[in-house]
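Colleague: Can you keep this structure in mind? I'll have questions shortly.
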Amino acid sequence: MKISGIIALIFMFSVPFCSKTDTNMSNKDLSRMDLTNKNYENFNFSGSNLEYSVLDNSKFTGADMSNAIMSNSFARAAIFKNAKVAGSDINGVDFTGADLSNIDFSKISMRNCNFTGADMRNSKFIGADLTGSVFNGAAIDNSDFTGAQVSMDDLFNAR
């Protein structure tokens with residue numbers, strides 16, 4: 001086995017979230033981690049640091065991500081349906097093609113996020129800061145943007 005393969009095996013088994021029975025990832029430093037193509041349905045990530053992590057194509061349905069730091073992460077085509085995000089830092093996240101439906105983002109800072117093609121239907125953005133975010137092709141049917149910091153021009157290209 002080549003040295004690179006051994007290093008990959010060591011890294012794979014040293015990751016603290018490999019166990020399918022341990023769904024409590026609260027208050028963990030998971031920054032700069034590759035969490036791609038995994039199922040984290042109903043996991044508890046509350047208070048965790050996921051900054052600069054790659055969450056692409058992973059499933060976070062019903063996960064508790066309250067008070068988590070997710071800034072500058074990639075969550076392309078990830079599923080967050082019904083996730084809890086109260087008090088989270090979600091600035092600069094790439095949510096291209098993600099499922100963000102049925103989530104209460106009220107009073108959350110989500111500045112400079114990319115929501116291109118995201119499913120944001122039936123979500124609440126009451127008082128959220130969405131300054132500089134992109135919504136091209138995003139589905140926003142039945143979503144509530146009351147008091148949100150977002151320009152109508154930014155929402156113009158949403159569907």
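Colleague: Taking the Cα centre of the stretch 103-159 as origin, sum charge times position over the Cβ atoms of Lys and Arg (+1) and Asp and Glu (-1), and report the length of that vector in debye to the nearest 20.
Modeller: 80
Colleague: May I pose another question? Taking only the alpha-carbon atoms of the stretch 38-130, what semi-axes of the equivalent ellipsoid follow from 5 times the gyration tensor eigenvalues under a square root, in whole Å, largest first?
Modeller: They are 16, 14, 14 Å, listed largest first.
Colleague: Could you give each residue of the stretch 134-143 its phi-based ³J(HN,Hα) in whole Hz, using Karplus coefficients 6.51, -1.76, 1.60 with θ = phi - 60°, and x for Gly or Pro?
Modeller: Taking θ as phi minus 60°, the curve returns 10, 10, 4, x, 6, 8, 10, 3, 6, 8 Hz for the stretch 134-143.
Colleague: Right, here's the next one. Per the Debye formula with a single identical scatterer at each Cα and no solvent contribution, what log10 I(q)/I(0) holds for the chain at q = 0.15, 0.21 Å⁻¹?
Modeller: So the normalised log intensities work out to -0.73, -1.35.
Colleague: Net charge near SER106, counting Lys/Arg +1 and Asp/Glu -1 over other residues with Cβ under 9 Å of its Cβ?
Modeller: With Lys, Arg at +1 and Asp, Glu at -1, the net is 0.
Colleague: Oh, and also: Could you compute the net charge surrounding ALA118? Neighbours are other residues with a C-beta less than 12 Å from the C-beta of ALA118; K and R count +1, D and E count -1.
Modeller: +1
Colleague: Okay, moving on. Once the whole set of protein chains is in place, how much accessible area is left on LYS81, using a 1.4 Å probe, in Å² to the nearest 10?
Modeller: Taking all protein chains as shown, LYS81 has close to 80 Å².
Colleague: Starting from the amide H of ASP89, placed 1.01 Å from N in the peptide plane, find each other amide H under 5 Å away whose residue is 5 or more places distant or on another chain.
Modeller: ALA68, ILE69, MET70
Colleague: Just how large is the dipole of the chain about the Cα centre, in debye to the nearest 20, putting +1 at every Lys and Arg Cβ and -1 at every Asp and Glu Cβ?
Modeller: Using only the charged Cβ atoms, the result is roughly 360 debye.
Colleague: Which ³J(HN,Hα) values in Hz, rounded to whole numbers, follow from the phi angles of the stretch 109-119 under the Karplus curve 6.51 cos²θ - 1.76 cosθ + 1.60, where θ = phi - 60° and Gly and Pro get x?
Modeller: 8, 10, 5, 6, 8, 10, 9, 4, x, 6, 9
Colleague: Give me the one-decimal nm value for the distance between modelled label points at THR131 and PHE156, 7 Å along each residue's Cα-to-Cβ direction.
Modeller: My value for the distance between the label points is 2.1 nm.
Colleague: Where Lys and Arg each count +1 and Asp and Glu each count -1, what net charge lies around THR131 among other residues with Cβ under 13 Å from its Cβ?
Modeller: Its environment carries a net charge of -2.
Colleague: Between THR23, THR61, THR96, which gets the highest mean-square fluctuation from a Gaussian network model of the chain, Cα cutoff 10 Å?
Modeller: THR23
Colleague: Most mobile of LEU100, LEU55, LEU35 per a Gaussian network model of the chain (Cα springs, under 10 Å)?
Modeller: LEU35
Colleague: Another question, then. Per the helix-only calculation at 222 nm, which mean residue ellipticity applies to the chain, given -39500 (n - 2.57) for every DSSP H run of n ≥ 4 and division by its residues, nearest 500 deg cm²/dmol?
Modeller: After summing the helix terms and dividing by residue count, I get -2500 deg cm²/dmol.
Colleague: Work out the count of Lys pairs in the chain where the Cα-Cα distance is under 12 Å, with the pair 8 or more places apart or on different chains.
Modeller: Step by step, the pairs that qualify in the chain add up to 5.
Colleague: Follow-up question, since we're still on this one. Could you tell me which of MET70, SER143, ASN57 has its Cα farthest along the dipole of the chain towards the positive end, charges placed at Cβ (Lys, Arg +1; Asp, Glu -1), taken about the Cα centre?
Modeller: Looking along the dipole axis, the top candidate is ASN57.
The values are calculated or read from the model by the stated rules, or taken from the named source; none is laboratory data. A quick note: this is a predicted structure, and the numbers were derived from the prediction, not measured. When we count neighbours, we look across all protein chains shown, and the Cβ atoms used for this are built from the backbone with ideal geometry, even at glycine. What goes into the accessible areas is simple: the full protein's heavy atoms, side chains included, and nothing from ligands, DNA or RNA. Shrake-Rupley method; radii C 1.70, N 1.55, O 1.52, S 1.80 Å.
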